[in-house]
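Okay, so here's the structure we're looking at.
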Amino acid sequence: MAVLKMQRISICALKKDRKAILEKLQSLGTLEVDHILDEDEDFHRMDTVGQKQGFEKAAASVDQALDILERYVPEEKSVFSALEGKKLISVEEGMKVQEERRDLLRTAKQIYDLDREHAEQLASVTKLTNSIESLTPWLALDVPLKAMKTDRTVFFPGTMPGGTTAAKVYEVLAEKAPDTESADVHIISQEQSTVYLAVICLKEEAGAIEDALRSEGFARASQTWEEVPARQKEQLEQQISEYREKVSGIEEKITALASERERLKIVADYYRVRADKYEVLGTLPQSERTFVISGYIPEAVAGSVADGLMKKYDCMVDVEELKEDEEPPVILKNNPFSANMEGVVESYGLPVKGEIDPTTIMSFFYVFFFGMMLSDAAYGVIVSIVCGILVLKFPRMSPGMKKSLKLFFYCGLSTIVWGVLFGGYFGNIVDIVSAKFLGTTITPPALWFVPLNEPMKLLLYSLLFGVIHLFTGLAIKGYLCIRDGKIMDFFCDVVLWFMLLIGLILMLLPSDLFASIAQMEIVFPGWLNTTAKALAIIGAVGIVLMSGRSNKNPALRIALGAYDLYNITGWLSDVLSYSRLLALGLATGVIASVINQMGSMLPNNVIGIIFFILIFIVGHAMNLAINLLGAYVHTNRLQFVEFFGKFYEGGGRPFNPFRENTKYAEIKEETLS
Amino acid sequence: MSELGIVYALLGAAVAVLLSGTGSAIGVGIAGQAASGVVTEDPSKFAKVLIIQLLPGTQGLYGLLIGFITLSKIGVLGGGLADISVQTGLLILAACLPIGVVGLLSAIAQGKTAAAAIGIVAKKPDQFGKAMLFPAMVETYAILALLISFLSVNGIQV
């Protein structure tokens, strides 16, 4: 239950050790760089933008090559690949790849070039295929498809609109070019909208004939070929098959390079890490012989890091406390159980300076409420087993994912407990199955009581748990006030409210209203009733007088106090909000019963039983999913809105250390934390 | 006259399921449109936006819950119809109204909030926890209505 204490570490060392020290710090990953020294005449920053961009470019080009590989040879991935986390590689493996990085970069370039060539060849194939298509109508022509001439004659192929016949062409010629008589027209082939034809005529008449034909829609063949169309087609097909061979050759080459994938991943990470290093290097103030690096470090490791560095290198390491006005980054540190709820706190906001880490206290309430909302022992077993197996099976999954799964594991355990207390096992499956197949209804006994039979009882308990939760929140606020020495705030904002609320609750308990809700009468001795009234009145008057204490104007002060007293409605709505503990628990149980009921309506034969099982599996899977979501969302809400609302604001900055921020694999190396 | 009692009671169950179910369908639909837009741009956000899309779907379940309890109370499920007076029938109908009406309206409102929350996930995926909270705030009122409907139906003696 704590925020790790941060210290400032400043290292001043010789430039000759710069690379070694930076790499050491990066592999330790315990330092967030934050410089306090500005540039002056002795200390200057180095311009490393060029190198940094170079490394980033290298990493990007390897990433691109990996993408290309993924396209040609998709990596086999299991459904759970997202859980597997980054691969762990040995130092030697990392070093080896590092030495071969230039070759690997060349490989990446090669993959990129091959991919481009692949695209070009495919484009050529498409182009040739189009050519063959345009050649197809001319296949019947037994001379090359182009305008040719002999000494006396001219030959030209072309197209005319659909439906044109040889007779019609002659008619047109007779009409539009009556002086010509040498034209010889051959229809090569016909399509719906186009007729392909070839014309031979005398050289002198060619112009007139073509003009006449043109007026009827004649156009010369758009492509010309040196060979007879049939032969030309063969040649083109030959070329296509050559290109295709090349394409498959390229594909084979790329496939062969897929064996380099793991090494490429490592080298991409290597360049990424170096780019980060150069970015930090660019921020370092450096003199002629020395450099300074400074930043935040958790107190727990500060000493050992300082000692380790000073022993190994000629350097001066200074660890000091933070200044008053510094806002250090935040790392949460909790016991192994509560640490799993850190993600929940993080998603609300990390504690800022002066706030406490609410994780530990919240974690118990979290698991308690979650189980109460899901409240079905069988569902709890499923959730716990699934999460437990996943956590054990994938030890390398990312820490955030692991924490979430462990969180659900514990929530599942709590759900089992609540399920047993309330007698919920897949809703009422035991009743249904026993009634259907055994003829007698067996109801598993609830260890505590069945919510469906006594909803009012559970409602009261829900509100009671809510009051405990809220009072805990208010008590933490009180603790913070005392810790910071704000006794006045503690008295006015915490003690007075406690008096008012406890007084009101004590006044409510013996009333008729409560008796009718709870169906039981509570009789307090007279002195307690008087005390309750006294507490409530003192609390209320105190709040009216004291809430606006920062204000000098007495009328305004009272008005502000009265307004603050109005917050009592806020408390009422906060407490009522815990009725969702009952409602969501009921929803799980009743909808599970609906599913069971549906299944039990089927006839008692083989087909009926098969469908019963089918309905059971699908129905309960859906019910579990939606109620798991509901329990998660509403547990978060109770923590964030009702609980945190009393004492916690958040807004801290997460610790972002200078470390080896890799994408694919992690190198196994010693760490100090 | 006493035959009408059961009709009113069944009408109550129908109102609870009908209105809240309609509301949830509209709400999930609104959120689904926003979710589809996000997934077109970035398919990796599918799981997150799906969860938010589902949030307005709970009202329909609450309606189903009240409908089911009503049906089993008046004996429609068991086969033996209970003998219900007109007064009891109308009481049951009235008891079903909160979850029906609040379910309808809150699911639509929650759907719009969920669509906006999906917008948060689209731009800042790391703020998922907060984005999920806004639609959950709307749901509180459906839960309160469910509670009153449930306690009323449960409390009416047949």
Selection from region B:52-87 of residues that are surrounded by 21 or more Cβ atoms within 10 Å (Cβ to Cβ), of a type in the set (V, I, T) and not in a loop (DSSP other than H, G, I, E, B)
B:I52, B:T58, B:I66, B:I69, B:T70, B:I74
What about B:G21, is it at pLDDT 95 or above, within 23 Å of A:M601 (Cβ to Cβ) and out of contact with any Asp or Glu (no Cβ under 8 Å at 6 or more places or on another chain)?
yes
Conditions first: (1) within 14 Å of chain B (Cβ to nearest Cβ); (2) crowded, with 21+ Cβ neighbours inside 10 Å. A:D357 passes all but one, so which condition is the exception?
(1)
Would you be able to tell me the number of residues in region A:556-588 that are surrounded by fewer than 18 Cβ atoms within 10 Å (Cβ to Cβ), within 14 Å of chain B (Cβ to nearest Cβ) and touching a residue at least 24 places away in the same chain (Cβ under 8 Å)?
1
Report, ordered by the first and then the second residue, all pairs with beta carbons closer than 8 Å, sequence separation of six or more or different chains, a first member in region A:628-640 that is more than 8 Å from chain B (Cβ to nearest Cβ) and surrounded by 24 or more Cβ atoms within 10 Å (Cβ to Cβ), and a second member that is aromatic (F, W, Y) and not in a helix (DSSP H, G or I).
A:L638/A:Y578
Any residue that is closer than 30 Å to A:I356 by Cβ and in a loop (DSSP other than H, G, I, E, B) - is there at least one of those in region A:587-604?
no
Is there a residue being part of a helix (DSSP H, G or I), over 30 Å from the mean Cα position of the chain (by Cα), touching a residue at least 24 places away in the same chain (Cβ under 8 Å) and at the interface with another protein chain (Cβ under 9 Å from one of its Cβ atoms) anywhere in region A:614-627?
no
All but one of (1) buried (at least 17 other Cβ atoms within 10 Å of the Cβ); (2) at pLDDT below 90; (3) farther than 26 Å from B:L144 by Cα hold for A:N553; which doesn't?
(1)
Qualifying helices (runs of 4 or more DSSP H) (wholly inside region A:272-387; at least 2 residues being assigned by TED's automatic domain parsing to the domain that holds A:G419 and closer than 24 Å to A:G645 by Cα)
A:342-348, A:359-374
Can you name every residue in region B:99-139 that is within 11 Å of chain A (Cβ to nearest Cβ), crowded, with 19+ Cβ neighbours inside 10 Å and not hydrophobic (A, V, I, L, M, F, W, C)?
B:P135, B:E139
Among the residues of region A:451-458, is there at least one that is buried (at least 18 other Cβ atoms within 10 Å of the Cβ) and not in a helix (DSSP H, G or I)?
yes
State which residue is farthest from the chain's Cα centre (by Cα) when the search covers only region B:110-137 and only residues that are more than 18 Å from B:S36 (Cα to Cα) and without any contact (Cβ under 8 Å) to a residue 60 or more places away in the chain.
B:D126
Out of A:L69, A:L37, A:L28, sole residue that is outside the structural domain of A:E252 (by TED's automatic domain parsing) and either at pLDDT 85 or above or hydroxyl-bearing (S, T, Y) (or both):
A:L28
Report those strands (runs of 3 or more DSSP E) wholly inside region A:104-205 carrying at least 1 residues which are free of Cβ contacts under 8 Å to residues at least 60 places away in the same chain and within 27 Å of A:Q238 (Cα to Cα).
A:184-190, A:194-202
Residues being closer than 23 Å to A:D142 by Cα and either of a type in the set (V, I, T) or in contact with a strand residue (DSSP E or B) (Cβ under 6 Å, 6 or more places away or on another chain) (or both): count how many of those fall in region A:163-198.
17
Top-ranked residue in region A:590-605 [being more than 9 Å from chain B (Cβ to nearest Cβ) and modelled with pLDDT of 90 or more; ranked as surrounded by the fewest Cβ atoms within 10 Å (Cβ to Cβ)]:
A:I595
Quick one: is A:E133 closer than 30 Å to A:T194 by Cβ, modelled with pLDDT of 85 or more and among the acidic types (D, E)?
yes
Could you say whether any residue in region B:47-62 is more than 9 Å from every other protein chain (Cβ to nearest Cβ) and touching a Leu at 6+ places or on another chain (Cβ under 8 Å)?
yes
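The values are calculated or read from the model by the stated rules, or taken from the named source; none is laboratory data. Keep in mind that what you see is a predicted model, and the values were worked out from it rather than measured. Every residue, glycine as well, gets a Cβ built from its backbone with ideal geometry; the counts of neighbours run over all protein chains shown.
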